[in-house]
Amino acid sequence: MSIAPRKPFEPVLPAGRARAIPWITVMAGSLVTVAPFGATLGLLPPCGLLMLLAWRLLAPLSLRRWAVPLLGSFDDLLSGQPLGSAIVLWTLAFFLIDLFDQRTMFRDFWHDWMIAAAAIILCLIGGRLVASPLTAHVDAVLLLQIIVSILAFPLAARIVAWIDRKRASE
């Protein structure tokens, strides 16, 4: 997947609702965690993170770098994680993706999936280290949540691609 070159003074995004759509979808993904699901294990993937990664990998100019801490604070307030954990971890994931963007010329979906997998692993393990003591026996459940999240990324990428196509036609 290559990014089409743009002129230096061309607006990055069209005005209107098209600028707010990535924010709304990431916030809607974060709201999935408050839906009343009956489960004995916490295997629900972090949908806000998946949407954020999908927007960053598929439409890199749709979210600015300063948007990530704000969306992370929204997710922290909803998910019950310690305040600041998603702010720091999501920002580190964005920097990781920026590092890959600087090093690679071309990417396809497999590369995006592996980059997203690395970011998901970073965020979930970092969240576990911040939120629970090291003696807690949650590593098996965390491994299952990482696997489910990595396997759910293509669905999030498909949703973001569909929304981005609709957004571009506005």
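So how many residues does the range 88-102 have that are open to solvent by 50 Å² or more (accessible area, probe 1.4 Å) and either under 12 Å from the mean Cα position of the chain (by Cα) or within 23 Å of residue 144 (Cβ to Cβ) (or both)?
Within the range 88-102, residues that are open to solvent by 50 Å² or more (accessible area, probe 1.4 Å) and either under 12 Å from the mean Cα position of the chain (by Cα) or within 23 Å of residue 144 (Cβ to Cβ) (or both) number 1.
Residue-wise test of (1) open to solvent by less than 40 Å² (accessible area, probe 1.4 Å); (2) in contact (Cβ under 8 Å) with a residue 40 or more places away in the chain; (3) over 17 Å from residue 90 (Cα atoms); (4) out of contact with any strand residue (DSSP E or B) (no Cβ under 9 Å at 6 or more places or on another chain).
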site: 123; (1), (2), (3), (4): yes, yes, no, yes
site: 131; (1), (2), (3), (4): no, yes, no, yes
site: 154; (1), (2), (3), (4): yes, yes, yes, yes
site: 165; (1), (2), (3), (4): no, no, yes, yes
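Which of the residues spanning the range 75-88 are free of Cβ contacts under 8 Å to residues at least 40 places away in the same chain, part of a helix (DSSP H, G or I), among the hydrophobic types (A, V, I, L, M, F, W, C) and in contact with a helix residue (DSSP H, G or I) (Cβ under 7 Å, 6 or more places away or on another chain)? I'd like the intermediate steps shown before the answer.
Taking the range 75-88 and keeping what is free of Cβ contacts under 8 Å to residues at least 40 places away in the same chain, we get 76-77, 80, 83-84, 87-88.
Right, trim to part of a helix (DSSP H, G or I) and you get 76-77, 87-88.
If we keep only those that are among the hydrophobic types (A, V, I, L, M, F, W, C) as well, we get 77, 87-88.
Result: 87, single match.
Count, please, the residues in the range 57-74 that happen to be farther than 14 Å from residue 159 by Cβ, open to solvent by 20 Å² or more (accessible area, probe 1.4 Å) and in a helix (DSSP H, G or I).
4
Open to solvent by 50 Å² or more (accessible area, probe 1.4 Å), farther than 19 Å from residue 43 by Cβ and in a helix (DSSP H, G or I): does that describe residue 105? Explain how you work it out, then say what you get.
Working: open to solvent by 50 Å² or more (accessible area, probe 1.4 Å): yes; farther than 19 Å from residue 43 by Cβ: yes; in a helix (DSSP H, G or I): no.
Considered against the rule, which asks whether it is open to solvent by 50 Å² or more (accessible area, probe 1.4 Å), farther than 19 Å from residue 43 by Cβ and in a helix (DSSP H, G or I), residue 105 comes out as no.
The values are calculated or read from the model by the stated rules, or taken from the named source; none is laboratory data. These numbers were taken from a predicted model, which means no experiment stands behind them. Note: ideal-geometry Cβ built from the backbone for every residue, glycine included; neighbour counts use all protein chains shown. Protein only, heavy atoms only, side chains kept; ligands, DNA and RNA dropped before computing areas. Shrake-Rupley method; radii C 1.70, N 1.55, O 1.52, S 1.80 Å.
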